[in-house]
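Contents: one structure, followed by commentary.
Values in this text are rule-based calculations from the coordinates and carry no lab data. Because the structure is predicted, anything quoted here is derived from the model rather than measured. Cβ coordinates were reconstructed from backbone atoms using ideal geometry, including for glycine residues, and neighbour counts include every protein chain displayed.
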Amino acid sequence: MSAAAAAVPKGPIATSIQSKLQDALQPSSLSVQNDSHKHAGHSGNPSGAPDAETHFKVEIVSAAFDGKNAVQRHRMVYQLLQEEIDAGLHALALKTKTPAEVGRQ
């Protein structure tokens with residue numbers, strides 16, 4: 001994690017993402033990283049505000065993804081985060097894996 005990302009406190013959208021995914025998917029691993037500072041001045045974060053919550057990287061390992069392909073997994077996450085998307089979440093980079101997939105690495 002970059003120093004800039006570490007310096008940004010966890011805001012309400014990041015907290016909501018973390019909470020919703022944790023509650024719904026019971027992951028064995030979950031990482032929510034605010035990458036908005038990397039997109040300052042771009043679409044979705046035109047002001048470049050360091051505390052913007054518009055771009056996130058989410059890595060999640062959950063048994064809830066068993067038997068689902070990548071598109072189905074991403075749709076699950078998007079559905080859970082629809083409220084945040086409607087409120088201005090502009091970009092969501094997802095890595096979704098099952099515990100078995102992680103074990104094969």
Within the stretch 51-86, report the chymotrypsin sites (Phe, Trp or Tyr not before Pro) that DSSP leaves as loop and that have at most 16 other Cβ atoms within 10 Å.
-> none
Rank these for me by crowding, Lys97, Lys68, going from fewest to most other beta carbons within 10 Å.
-> Lys68, Lys97
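How long is the gain from Ala100 to Arg75 if the chain were fully straight, where each residue apart is worth 0.36 nm and the alpha carbon distance is subtracted?
Here the answer is 7.0 nm.
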Cross-link reach list, lysines versus Lys10, counting only Cα pairs under 26 Å and skipping chain neighbours closer than eight places | Lys20, Lys38, Lys57, Lys95, Lys97
